[in-house]
Amino acid sequence: MTDYNAMADDDFRKMLNDWLVENYPSELRFPAERMHWDQCGDWYMTLAKKGWLAPGWPVEHGGMGLDANKLLILMEEFESYGVGRTPDQGMTMIGPLLIQYGTDEQRAHYLPKILNGENIWCQGYSEPGAGSDLASLRTAAVRDGDDYIVNGHKIWTTLAMDANMIFTLVRTNKEGKKQQGITFLLIPLDSPGITVRGIDNLGMHDEFAEVFFDDVRVPVANVVGKENDGWTIAKALLGHERIFIGSPKMASLAMNRLKALAESANMFNDPLFVERYTVLKLEIEDLAAAYRRFVEVLKRGGKIGAEVSMLKIWNTETQQRITDLMLDVAGENCGVSDAIPAGDTAVSAPGEFIGARPTTIYGGSNQIQRNILAKAVLKLPS
Ligand SMILES: Cc1cc2nc3c(=O)[nH]c(=O)nc-3n(C[C@H](O)[C@H](O)[C@H](O)COP(=O)(O)OP(=O)(O)OC[C@H]3O[C@@H](n4cnc5c(N)ncnc54)[C@H](O)[C@@H]3O)c2cc1C
């Protein structure tokens with residue numbers, strides 16, 4: 001078994017890149033939108049067979065066992081090669097959570113089913129009245145013998161239509177502090193009483209769904225951790241997520257596409273354009289330097305503080321400004337949603353623009369990240 005962490009970084013990068021060139025379907029490079037299972041299921045299974053589906057999981061659970069540094073390299077290589085995301089909530093969210101908080105039975109039951117593609121998971125946290133203020137969630141689970149009876153409504157559930165399992169936060173106690181009455185519950189989506197209804201995003205792509213629970217019976221054995229202790233577990237998921245979401249890669253990829261578009265439109269002769277372009281380019285350089293600082297801390301085995309929130313704000317807002325400029329460059333071509341030729345690639349300026357809008361909302365909206373910085377870093381009063 002290869003010890004990937006012992007490899008030199010450059011060798012590891014080359015190994016990943018060579019394998020992607022050989023195995024990643026070229027028609028799926030740089031997908032304009034989140035791929036559905038019928039598009040990327042074969043690729044998911046290719047990764048599974050190679051043993052690279054769960055890079056961050058420990059080897060004993062079927063993962064690659066990568067340390068933080070190698071994991072970031074893998075993500076960079078996959079992103080820069082244009083590898084699209086599979087329905088990956090099993091690998092990135094519920095798998096690590098079960099490894100940390102699940103029982104032996106839960107790990108033995110669920111982890112192999114993630115790795116063999118039998119279970120595709122989605123995340124059921126948000127509700128119509130509970131997004132940023134997640135602890136206000138109202139989907140209720142009431143005990144009835146060895147089961148709960150679940151009633152309620154989740155929303156913005158990414159790719160729920162492709163999933164057969166949902167991990168949820170449900171209310172099991174209405175008394176006391178609202179964070180204390182929440183339970184983390186795993187629910188098969190084929191349970192009687194569940195309805196999944198797709199929602200189109202701004203690009204008219206059915207990326208999300210609403211999930212309705214109407215007297216759904218769920219075994220008590222499906223609770224992760226203890227009843228009423230789901231909030232602690234839900235917060236743990238955020239762990240290292242913010243550093244990944246802050247990687248400058250997304251903004252630099254958008255910058256490459258802006259460059260291709262601008263070159264094909266002869267925009268580098270226009271000093272006003274060059275000025276706007278240069279400001280964005282320097283912005284990414286600064287972001288990359290800040291990002292490297294956080295990565296160094298992780299590499300040394302250190303812990304990252306609340307200040308990491310600045311990366312998410314910086315990365316996503318820079319990406320949005322880049323796509324704003326793409327619209328100006330594309331001009332009348334913005335009426336066409338298909339990608340238009342730009343040098344040896346093709347770029348859809350409106351597609352890029354629309355794709356960059358939700359980045360400031362998910363993973364904790366940018367306003368919430370600013371609140372975190374204000375309170376936890378700058379110690380400003382609430
Ligand atoms: C692409 C995408 C994928 C998603 N996938 C999932 C998923 O798979 N599962 C899931 O459960 N959820 C998912 N979500 C939902 C996401 O978690 C919520 O949209 C997010 O938490 C914001 O909640 P909300 O939409 O209810 O907005 P609200 O919380 O109602 O916020 C509305 C606006 O008010 C601002 N605001 C709210 N509170 C404050 C405050 N205290 N201070 C300052 N400003 C504030 C917000 O920043 C925002 O601008 C997804 C969202 C997106 C965009």
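Is it the case that segment 318-326 has a residue that's among the basic types (Lys, Arg) and within 16 Å of the ligand (Cβ to nearest atom)?
Taking every residue of segment 318-326 in turn, none turns out to be among the basic types (Lys, Arg) and within 16 Å of the ligand (Cβ to nearest atom).
Kindly state which helices (runs of 4 or more DSSP H) lie completely within segment 1-92 and contain at least 2 residues that are at pLDDT below 90 and crowded, with 19+ Cβ neighbours inside 10 Å.
In segment 1-92, the matching helices (runs of 4 or more DSSP H) lie at 68-81.
Which condition breaks for MET250 when tested against (1) over 25 Å from ARG370 (Cα atoms); (2) in a helix (DSSP H, G or I); (3) touching a residue at least 40 places away in the same chain (Cβ under 8 Å)?
(1)
Condition first: in a loop (DSSP other than H, G, I, E, B) and touching a residue at least 12 places away in the same chain (Cβ under 8 Å). Now tell me which residues in segment 175-207 satisfy that.
The initial filter retains those residues of segment 175-207 that are in a loop (DSSP other than H, G, I, E, B), namely 175-177, 189-193, 200-207.
LEU189, ASP190, SER191, PRO192, GLY193, ASN201, LEU202, GLY203, HIS205, ASP206, GLU207 - these are the residues of segment 175-207 that are in a loop (DSSP other than H, G, I, E, B) and touching a residue at least 12 places away in the same chain (Cβ under 8 Å).
Restricting attention to segment 92-131, which residues are touching a helix residue (DSSP H, G or I) at 6+ places or on another chain (Cβ under 6 Å), under 24 Å from LEU72 (Cβ atoms) and not hydrophobic (A, V, I, L, M, F, W, C)?
GLY95, GLN123
When you scan segment 108-158 for strands (runs of 3 or more DSSP E) that lie fully inside it, which ones turn up with 1 or more residues that are touching a residue at least 12 places away in the same chain (Cβ under 8 Å), surrounded by fewer than 19 Cβ atoms within 10 Å (Cβ to Cβ) and touching an Asp or Glu at 6+ places or on another chain (Cβ under 9 Å)?
140-144, 147-154
All but one of (1) surrounded by 15 or more Cβ atoms within 10 Å (Cβ to Cβ); (2) modelled with pLDDT of 95 or more; (3) under 30 Å from PRO55 (Cα atoms) hold for PHE273; state the number of the condition that does not hold.
For PHE273, the failing item is (3).
Hey, any hits in segment 242-260 for a residue that's under 21 Å from ALA135 (Cβ atoms), more than 15 Å from the ligand (Cβ to nearest atom) and within 17 Å of the chain's Cα centre (by Cα)?
Checked segment 242-260: no residue is under 21 Å from ALA135 (Cβ atoms), more than 15 Å from the ligand (Cβ to nearest atom) and within 17 Å of the chain's Cα centre (by Cα).
Take segment 198-229 and flag every residue that is surrounded by 14 or more Cβ atoms within 10 Å (Cβ to Cβ) and basic (Lys, Arg).
Across segment 198-229, the qualifying residue is only ARG217.
Of the residues LEU280, LEU287, which is within 14 Å of ALA356 (Cβ to Cβ) and part of a helix (DSSP H, G or I)?
Testing whether each residue is within 14 Å of ALA356 (Cβ to Cβ) and part of a helix (DSSP H, G or I) leaves just LEU280.
Within the group GLY363, GLY355, which residue is buried (at least 16 other Cβ atoms within 10 Å of the Cβ), within 16 Å of the ligand (Cβ to nearest atom), on the phi > 0 side of the Ramachandran plot and not acidic (Asp, Glu)?
Matching residue, one of GLY363, GLY355: GLY363.
The values are calculated or read from the model by the stated rules, or taken from the named source; none is laboratory data. Values in this document were obtained by computation on a predicted structure and should not be read as measured data. Backbone-built Cβ (ideal geometry, glycine too); neighbour counts: all protein chains shown.
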